[in-house]
Structures are given as C-alpha cells and as structure tokens.
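The values are calculated or read from the model by the stated rules, or taken from the named source; none is laboratory data. Here the structure is a predicted model, which means the values were calculated and not measured. Neighbour counts are summed over all protein chains in view; Cβ atoms, including those assigned to glycine, are modelled from backbone coordinates with ideal geometry. For the accessible areas, the whole protein counts, side chains as well, though only heavy atoms, and no ligand, DNA or RNA atoms are used. Shrake-Rupley method; radii C 1.70, N 1.55, O 1.52, S 1.80 Å.
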Amino acid sequence: MSETSDKIRKLFKAGDDIRDAGLKEPEDVEKYRDIRYGTEDPMQVMDVYRPAGREGLLPVIVSVHGGGWVYGDKERYRFYCMDLARRGFVVVNFSYRLAPEHKFPAPLEDTNLVFEWMAEHGKAYSMDLDRVFAVGDSAGGNILSLYLAACTNASFKEKWEKECRLQIQDSISVRAAALNCGVYKIENDMGGDTPALMEDYLPGKGTEEELDMISSISHITGNYPPVFLMTSSGDFTQSQALAMAECLMERKVPFLFRFYDNEAHDLKHVFHVDMKCPQAEICNDETCRFFIEILNRR
C-alpha cells in the first residue's frame with residue numbers, strides 16, 4: 001500500500017469515529033445485514049434498510065459510499081442510510097472492493113453486481129424496481145456518476161464491455177441520482193493526493209486514457225437521469241460540482257443544484273452524512289423530496 005492510501009485510511013477513520021460517536025441506530029428501521037451480493041471477496045456484502053411497519057413495495061435508494069477509492073464500507077454509512085430509510089425508502093447500503101488491493105474497475109463491477117442482485121432478490125425486500133434512485137458522494141460520486149454514464153451512453157457502455165469486460169446490467173434503470181461533493185473530472189495536474197491515489201487505483205497508474213475513462217463528464221449524454229447536485233462552503237471539490245453543472249446544462253439533463261452553508265462555520269466535505277449536523281437533515285430532506293418529485297412528474 002502507498003503512503004498516501006495509508007494516510008487517508010487513518011485520517012478518514014479518525015474523522016468518522018468522531019462524527020459517529022454516541023449515535024444509536026433508529027428503532028423504527030428494519031435492518032437486514034451482511035447480505036452477500038458477490039462471491040469473490042469479503043467486501044462484497046451489503047445491508048438493506050426499510051422503514052418499520054410499512055406495507056407493500058417502496059421506492060429504493062442505492063448508496064455508493066465515498067472514501068477516496070481506498071477507504072470506507074457500509075458500516076461507516078449505516079446511520080446516513082438508515083436516516084434515508086426513515087423517509088420512506090428501501091435503502092441498499094453496500095461495501096465494495098477498495099484500492100490499492102483491488103484496482104479499477106472493481107468498484108464499478110461491484111456496483112453492477114448490486115443491481116443484478118436487486119433484479120433477482122429485490123422484491124423479497126419490498127423493493128419497487130420501477131422506482132430506483134441512487135446517491136453517491138466524494139469518490140462514491142465518481143463511481144456512481146461513471147456507472148450511470150455507462151448505463152445511458154451506448155458507445156461508452158460498449159467500450160466498458162469490451163475494454164473492462166464488464167457486462168452492464170440493463171434490467172433496472174435509475175430514475176434519478178444525487179451526486180454529493182463528488183469528483184467528476186480527473187486530471188494529472190489536480191494536485192493534492194489525487195495523483196497518488198490514481199497510482200493506487202488505476203492499473204496503468206493514471207494514464208491519460210485511464211483518466212478520461214473515469215471522468216464521468218466526458219461520457220454524459222442527454223439520456224442521463226435527472227440529478228440532485230450538491231456541494232458546500234467547505235467542500236474541497238466545489239469546482240467539480242460546477243463542472244458537472246455545466247456539463248449537465250450542455251447535455252440538457254435536468255438537475256437541481258444546491259450549495260449549503262452555515263453562518264457560524266464552513267460546512268465540510270460530505271457534511272450530509274453527519275447525523276449531528278442540522279444542515280445534513282435539510283440536505284437529505286431536499287434530496288428525497290427531489291426523488292419524489294421525479295416520480296410525480298410521470
């Protein structure tokens with residue numbers, strides 16, 4: 001493992017430990033834990049949450065966690081995902097294989113496997129597979145935005161299936177997505193830890209072709225699903241959200257842009273997963289409201 005990945009794992013874990021200290025899981029959410037969706041690795045496991053006492057099929061949210069492509073799992077996102085479930089959704093919270101132990105396209109393969117699992121088993125968990133949404137933040141925003149591009153851009157899908165040997169499922173369509181503090185355009189001169197992370201994440205350590213391959217804004221078409229696009233005052237990926245907004249406008253993809261702030265202090269990167277943050281509740285309310293409005297348009 002590189003020094004950068006090791007540093008990020010320690011740093012992010014310390015921050016998450018502070019963020020989640022003292023939180024308790026809500027009792028009004030049913031939890032189905034440690035469901036295997038793949039057979040190759042212990043990380044290919046997920047939880048399913050649904051609001052307790054709700055009958056019939058419910059709309060679904062699939063969550064793709066962040067962590068710089070090298071850190072994170074479903075346990076770190078359980079409070080956030082259970083909070084979404086309380087708003088009336090079945091929520092799929094999954095871990096995926098991480099770099100540097102597992103190179104690209106491992107997270108995309110795992111995301112695809114989750115949707116394949118849902119197509120086969122989702123109704124047993126009261127999932128309405130005609131009303132599926134997805135959320136992703138930070139590196140998870142990159143993974144999700146890229147996966148949706150592969151699902152909605154025929155030529156890009158063909159390239160994926162040929163070069164990455166990944167057969168993109170087509171039985172479930174995502175009706176809309178929330179991209180929160182994500183990364184959508186990756187270049188060699190980005191600075192910070194990104195170049196070192198790309199060396200750990202990409203098989204060729206970040207060739208121009210690889211960086212274009214994983215830059216989702218290079219592959220978005222007008223077929224892309226509607227987007228709830230969010231950033232915040234203390235988010236170091238602000239410029240990425242602006243670039244995505246410009247791309248969505250150019251492609252005529254409907255989207256809602258939200259910028260969140262706090263008068264007392266800047267809101268951090270991925271503040272919305274902090275259940276102690278008042279602005280997180282506002283953001284997550286608005287995200288779910290956006291999803292419901294998408295359903296009501298049709």
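Summary table
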read-out: Hits among lysines - C-alpha to C-alpha of K103 under 16 Å, sequence gap 8 or more where chains match; value: K205
read-out: Tensor-based shape of the chain (alpha-carbon gyration tensor, a/c under 1.5 rounded, otherwise prolate or oblate); value: rounded
read-out: Cβ-based charge dipole, the chain, positive-most Cα from H219, C164, F79; value: F79
read-out: Accessible area (Å², 1.4 Å probe, nearest 10) - L242; value: 110
read-out: 5 angstrom amide H check on G68, placed H, neighbours 5+ away; value: A139, G140
read-out: Carbon plus sulfur fraction of accessible area for the chain, probe 1.4 Å, in percent; value: 48
read-out: Cα gyration tensor category, rounded, prolate or oblate, for the range 173-298 with a/c compared to 1.5; value: oblate
read-out: Antiparallel bridges, percent of DSSP beta bridges restricted to the chain (to nearest 5); value: 25
read-out: Order by protection proxy (mean Cβ within 10 Å, highest first), peptides 263-273, 165-175; value: 263-273, 165-175
read-out: Cα-centre dipole for the chain with unit charges at Cβ (Lys and Arg positive, Asp and Glu negative), debye to 20; value: 740
read-out: Å² of accessible area per residue within the chain, as computed with a 1.4 Å probe and no ligands counted; value: 44
read-out: The range 1-150: antiparallel DSSP beta bridges as a percent of all, rounded to 5; value: 50
read-out: Sorted peptide list for 137-145, 218-226, 33-41, criterion being average Cβ within 10 angstrom, highest first; value: 137-145, 218-226, 33-41
read-out: For the range 96-209: rounded, prolate or oblate by the Cα gyration tensor [a/c cutoff 1.5]; value: prolate
read-out: ³J(HN,Hα), Karplus 6.51/-1.76/1.60, whole Hz, each residue of the range 59-66, x for Gly, Pro; value: x, 10, 10, 9, 9, 10, 6, x
